[in-house]
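Enquirer: I'd like to ask some things about the structure below.
No value in this document is a laboratory result; all are computed from the given coordinates. As the structure is a computational prediction, the values presented were derived from the model and not from experiment. All Cβ positions, even for glycine, are placed from backbone atoms using ideal geometry, and neighbour counts span all protein chains on display.
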Amino acid sequence: MSTPSKPASSEDILGQKYDRCLADFLVKAGVGFSVGVVASVILFRRRTWPIALSTGFGAGAAYADCDRSFNSARVPGTRIVSPSELASSK
């Protein structure tokens, strides 16, 4: 017999979101760092600013994705509809 699955607790959901955000941050900042190193070596004669700039871009993109994950009202194109607006539109 199959047992009914337990609903996930809010702490588990929050932990999964934090784990996803951390993994996303490491990947995007790592890719930005790698692109910065390549750009620094090939284009900018081993200057350090392309590394810092591209790592910052990666970290910023990860931060924006994490912010959208925790606050769904910040997703572009969505709006929060109150129950009274919903009832009046019917």
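Enquirer: Is it possible to state the helix-based mean residue ellipticity at 222 nm for the chain, with each DSSP H run of 4+ residues giving -39500 (n - 2.57), the sum divided by total residues, to the nearest 500 deg cm²/dmol? What is it?
Expert: -23500 deg cm²/dmol
Enquirer: Can you pull out the trypsin sites (Lys or Arg not before Pro) in the range 34-70 that DSSP calls coil and that have at most 13 other Cβ atoms within 10 Å?
Expert: Arg45, Arg46, Arg47
Enquirer: Please compute the contact order of the chain in relative form: average sequence separation of alpha-carbon pairs under 8 Å and at least six residues apart, divided by the residue count, as a percent.
Expert: Computed value for the chain: 25 percent relative contact order.
Enquirer: Another question, then. Using the Cβ atoms and a cut-off under 11 Å, what net charge is assigned to the surroundings of Phe70, where Lys and Arg are +1 and Asp and Glu are -1?
Expert: Net of charged neighbours comes to +2.
Enquirer: In whole Å, what are the Cα extents of the chain along the three principal axes, biggest one first?
Expert: Principal extents (Cα only, largest first): 62, 46, 19 Å.
Enquirer: Expected output is a single nm value to one decimal: the length gained when fully extending between Arg45 and Tyr63, i.e. 0.36 nm times separation in residues minus the C-alpha distance. What is it?
Expert: 3.5 nm
Enquirer: Once the Cβ-Cβ distance between Glu85 and Lys17 is put in as r, and R0 is 25 Å, what FRET efficiency do you end up with, to the nearest 0.05?
Expert: 0.30
Enquirer: At a temperature of 25 °C and a viscosity of 0.890 mPa s, determine how fast the range 39-90 diffuses translationally according to Stokes-Einstein, using the Kirkwood radius over alpha-carbon pairs as Rh; express D in µm²/s, rounded to the nearest whole number.
Expert: The Stokes-Einstein estimate is 170 µm²/s.
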